[in-house]
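One structure below.
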Amino acid sequence: MFPAISIDQFAQLLGADLRHRGTCASVQAVVSDSRQALWMQPTAFFALTTQSGDGHAYAVHAAEQGAAALVLSANSPLTASLPTLPEACSVLWVDDPWKALRRLAAHHRSAMTGTVVGITGSNGKTTVKEYLFHLLGDARIARSPKSFNSQLGVPLSLLSAPLDAPGMLLEVGVGASGDMGFMAPWVAPNVGIFTHLGDAHAAGFSSREKKAQEKAALFHAADWVVVPAAEPAIRTALTVPARSWSWNEEVGADMIFTWADGTLRWEDQGRSIQGEASCPALDGVDAHNVASALACILYLGWSWNPERLVDVRSAGLRMERLPGISGWTLLNDAYTSDVDALGWALESLAAEAQGPRYAVVAAPPGMADFAPWMDAACAARGIDGWWGVGADLAALGRGYVDVDALKIAAPWNEVERPGVLLLKGPRQARLDRLLPTLQAQHHDTVLGLDLEALAANLRHYKSQLSGQRIMAMVKANAYGLGAVTIAQALAKHHVDYFGVAYVDEGLALRQAGIQTPIMVMNPGEQSVEGMLTHGLEPEIFHFQALERYAQAFLRYPELAVGRVHIKVDTGMHRLGFAPDQGREVGQRLAHWPGLQVASVMTHLSSAEESGQDAWTAEQGAAYHRFYEDLVMELGYRPIRHLANTPGVVRHPHLHGDMVRLGIGLFGDSPVKEDRACLQPVVHVQTRISHLQTIPPGEGVSYGHQDAALHERRVATLPVGYADGFPRALSFGRGEVLIHGQRCKVVGAVCMDMTLVDVTGMTVHVGDSVEILGAQMHLHEFAERCGTISYEVLTRFSERLGRTVWNPQA
């Protein structure tokens, strides 16, 4: 929210033509999503065209939701055909709403008086930002909401910052060459943090050096930039005006950090900066992010609280969706809270579609008039109610004195039907103590899905297409990850189709409210009626199936069209018509004019193999012969789709009209170069159950095997082959990560437990263990298991705890 601007001044700032003046005289906020609460303050809706859709299609909805102004492209056909709008809403025409938004953000940035810290890098931007904010402990510092670091997120973040904020922590991301050129001139950070130069977004650049230069362009006019000394390519990429200040662990940098015995020490002899503070053991990634944040604070000389290092990792925890008792769904965000973060969490709660929505909240430190603020915030977002925790709220009769009192009262049991419950409050309120009472699953081994990473992977593949549609494969319960959860997330990003294997899978999506078209790959003989009544579209791969579906379709005269997908076998040799049967298929279809061929498809059997490119070309040629023969009979051209994940990457000439994405969405790819560009979606974590010392010469686990000549320290983990951690990982083949260090599996993996060697490490019962995730890549895990990523994912047991991170991504 920014200081109120009159409609005339707003139009002047945008260079807009004020085509209609509404009764609302000013603008104080901007959005690009018509679903947000637009009437809390005078808000302008920018109709932006993105890969996900055209914002002009939602302009009328935005006006009906209370928008004070619509910023529309004068060149959009939808602009000229607007119906009568609510009288409060003004209409402004611009050449390009994107440029208008950047122009407004540039004006706002020029009026800001505080220090803007720009944060970029391949990974860690959001975490470093949140660590900075946590360590500073100053509510006046502004920061980017959530992970708003895109071409849209950056201007919206700037416009949300008060002009008099003493500092602004601004994430800036790039996905392709040239992105930073749009933003650097008007973002203009005073100082910068370059977190890391990894492989994320690598496909958008010709080389690693080019990627470093693109990101470093943000800091062209910055006074100085914090960089990790361990990555010299970053310093090399910085332009001369930007001075770098490097950090490292041990030696070779301006600022040296060392961790030992629960203490973090830092020293820069050149600037006489040194100190120490208590700090828990951190893994490699967390240590890197803490060092980036703290180096920035120390160089700026900003006031901070060293005691906040003790729980710094809590600041990086993401909102997670958990299954709750009695049909409730939990949104757990109970580790940090300030006014902005509370508002973002309430937006996430409001976006949930399942049943009534309630919040358990504790007031952020120092916030006055919290109860009236919550009442207004919930009313504005359509949230059904809230329950407070804290002595002040209890004294006002608006809450419970502490978590124990709330658990005894259990007000959620009085709600007529279960819905969604948000837990949000500062760490000291200990709202996380509600989880054992409210959570439905309590397994120490948890499978987490990062929906923000899922969306990032989808954007990665969209960037390699030229407007083709996307079918997301969610068969086999989305490879065991939860088809409804995955489909709901992808539907928000407007994928065009979902693909399932069997009718029951499609019915489950329809029952969950998924309206996106669904193709059924193997519809079977007994389920035609269910497909017709629920709008599912079968893949047809032989004449008997075509006849059976056509006859069933004729029994539903109320259906104008029956859509089918024709499968041609070009060499996979599982299902499909022969390549020379295109004319015959078309002639058969002529008997049933109500049947419409939605698409024609085939499966590339070896798209990832460069040695099989000639074969892939043969498949493509056979497909196109079939397709053209079929079209000759049909008289229209159905959607063409051949390419799977590796086909998208390696065979752009076979993209057709639609591509099918599967394993790539979940963070792996059969193509090595593509794999480096993806973010991990699936994270499996557990905790140490037990620690013991094993004498020299003694074996462990079944068979008393895997003895060692030296004394060992062994940790027991509550995960085994019944959970999806296979016996193939026994006897040192498998590894897990504890505090960023790799630990080998010792002995045989058991049904419910696994032993790992932690000799020489400082670990405790309850410490977190990564089985799969950011440091143990899905592809590596599969190779260690002697299988493929698809099988790994489908093996994970339903008894594992399940959580969803960034549920509104």
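Condition check for residue 208 on (1) at pLDDT 85 or above; (2) in contact with a helix residue (DSSP H, G or I) (Cβ under 7 Å, 6 or more places away or on another chain); (3) surrounded by fewer than 18 Cβ atoms within 10 Å (Cβ to Cβ); (4) not acidic (Asp, Glu): one failure, at (1). Residues that are in contact (Cβ under 8 Å) with a residue 40 or more places away in the chain, in a helix (DSSP H, G or I), over 15 Å from residue 806 (Cα atoms) and not assigned by TED's automatic domain parsing to the domain that holds residue 801 do occur in the range 334-343.
Residue 708 satisfies every condition listed in (1) farther than 30 Å from residue 518 by Cβ; (2) in contact (Cβ under 8 Å) with a residue 40 or more places away in the chain except (2). Among the residues of the range 451-463, those that are touching a Gly at 6+ places or on another chain (Cβ under 9 Å) and under 15 Å from residue 485 (Cα atoms) comprise 453, 454. In the range 411-431, the qualifying residues are those that are in a helix (DSSP H, G or I) and crowded, with 17+ Cβ neighbours inside 10 Å, and the one that is modelled with the lowest pLDDT is 427.
Hey, residue 371 hits all of (1) at pLDDT 90 or above; (2) in contact with a strand residue (DSSP E or B) (Cβ under 6 Å, 6 or more places away or on another chain) but one; which does it fall short on? It fails just one condition, (2). Taking the criterion of being at pLDDT below 95 and either of a type in the set (D, E, K, R) or in the same structural domain as residue 122 (by TED's automatic domain parsing) (or both), the residues of the range 456-470 that qualify are 459, 462. Number of residues in the range 75-94 that are touching a residue at least 60 places away in the same chain (Cβ under 8 Å), surrounded by 13 or more Cβ atoms within 10 Å (Cβ to Cβ) and of a type outside the set (S, T, N, Q) equals 8.
Out of 315, 295, one residue alone is buried (at least 18 other Cβ atoms within 10 Å of the Cβ) and at pLDDT 85 or above. It is 295.
Restricting the search to the range 372-392, which residues are over 32 Å from the mean Cα position of the chain (by Cα) and not in a loop (DSSP other than H, G, I, E, B)? Step through it out loud before you land on a result.
Residues of the range 372-392 that are over 32 Å from the mean Cα position of the chain (by Cα), as a first pass: 372, 390-392.
Within the range 372-392, 372, 391, 392 meet the criteria.
The C-beta contact set for the range 388-399 (first residue assigned by TED's automatic domain parsing to the domain that holds residue 370, second residue part of a strand (DSSP E or B) and hydroxyl-bearing (Ser, Thr, Tyr), distance under 6 angstrom, 6+ apart or interchain) comprises 389/400; 394/400.
Quick check on the range 711-753: of everything there that is touching a Gly at 6+ places or on another chain (Cβ under 6 Å) and outside any loop (DSSP other than H, G, I, E, B), which residue is surrounded by the most Cβ atoms within 10 Å (Cβ to Cβ)? Among those that are touching a Gly at 6+ places or on another chain (Cβ under 6 Å) and outside any loop (DSSP other than H, G, I, E, B), it is 745. When only residues in the range 602-635 that are in a loop (DSSP other than H, G, I, E, B), of a type in the set (Ser, Thr, Tyr) and in contact (Cβ under 8 Å) with a residue 24 or more places away in the chain count, which is surrounded by the fewest Cβ atoms within 10 Å (Cβ to Cβ)? By that ranking, first place goes to 605. Within the range 24-42, being under 23 Å from residue 81 (Cβ atoms) and among the β-branched types (Val, Ile, Thr) holds for one residue alone: 31. Taking residues in the range 363-379 that are at negative phi, and partners anywhere that are acidic (Asp, Glu), the pairs with Cβ atoms closer than 6 Å and at least 6 places apart or on different chains are 364/338. Within the range 71-111, the residues that satisfy the criterion of being part of a loop (DSSP other than H, G, I, E, B), over 23 Å from residue 184 (Cα atoms) and touching a Ser or Thr at 6+ places or on another chain (Cβ under 7 Å) are 87, 88.
Need at least 2 residues that are under 22 Å from residue 446 (Cβ atoms) and in contact with a Pro (Cβ under 9 Å, 6 or more places away or on another chain) per element, so show me which strands (runs of 3 or more DSSP E) inside the range 657-696 make the cut, counting only ones lying wholly within it. Break it down into steps so the answer makes sense when it comes.
Numbers: elements: 658-661, 682-687, 690-694.
Once the strands (runs of 3 or more DSSP E) in the range 657-696 are filtered for at least 2 residues that are under 22 Å from residue 446 (Cβ atoms) and in contact with a Pro (Cβ under 9 Å, 6 or more places away or on another chain), what remains is 682-687.
The values are calculated or read from the model by the stated rules, or taken from the named source; none is laboratory data. For clarity, every value in this text was computed on a predicted model and none was experimentally measured. Cβ coordinates were reconstructed from backbone atoms using ideal geometry, including for glycine residues, and neighbour counts include every protein chain displayed.
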